[in-house]
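Bear in mind these aren't lab numbers, they're just calculated from the coordinates by the rules spelled out. Model, not experiment: these values are computed from the prediction. Cβ: placed from backbone, ideal geometry, glycine included. Neighbour counts: every protein chain shown.
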Amino acid sequence: MSASLTTRRTLAAVLAVGALIGAAAVPAAADDHRNDHRGARSTIVIGDVENAGRGHDNRALNSEWVEVKNTGRHSVNLRGYTLTDKQGNRYRFNDFRLDGRSSVRVHTGNGRDTHRDVYQDRRRQIWDERDTATLRDNRGNVVDTESWGRRGHHHHS
């Protein structure tokens, strides 16, 4: 009886460790998977980021933006794509067709959406001096992230 109890405990410990290793390996595997296919699959990436807007008026809010670029030749409908910051503030694209080799700026403030500029219609800034923008496709898969901070921009792709 005590032997089987010891065996069971050991098995439980091994399973727990396996579960932890499995959980830790998932994001890495997902990243590898994304990188393998990114060239072929997602031509949509985060371009420039401007978070210098200071102040609470609409002009300052609209001088804060994140650029979403289509690096491919074919247009892509961004319907359902989302752009989020570290705090979880989320902008969701409506029916928006981004032409090949072009970009759109997602501004924080209010404005009328055009094929070059869209607006989150927020009343306060969301992009901090140190932040991360995450772009997800309409299935929730991360297609690109861009982080910035004290040392300027660096790309996590």
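Take the Cα of His56, go 7 Å toward its beta carbon, and the backbone nitrogen atoms of segment 102-136 under 11 Å from that spot belong to 123-125.
At full extension, Ser63 and Asn138 could sit 24.3 nm farther apart than now, given 0.36 nm per residue minus the alpha carbon distance.
Once both labels are positioned 7 Å from their Cα atoms along Cα-to-Cβ, the gap between Asp128 and Arg101 label points is 4.0 nm.
Scoring 58-65, 97-104 by mean Cβ neighbours within 10 Å over their residues and listing the highest first yields 58-65, 97-104. Count Lys and Arg as plus one, Asp and Glu as minus one, and take only other residues whose Cβ is under 13 Å from that of Tyr81; the net charge is then +4. Globularity index of segment 58-157 is 1.03 (Cα radius of gyration / 2.2 N^0.38 Å, N = number of residues). Database remark: amide H of Arg90 closer than 5 angstrom to no amide H (H placed geometrically; neighbours at sequence offset of 5 or more, or on other chains; Pro and chain starts carry no H).
One decimal place: the segment Asp117-Gln87 gains 8.5 nm when fully extended, by the rule 0.36 nm per residue minus the C-alpha distance.
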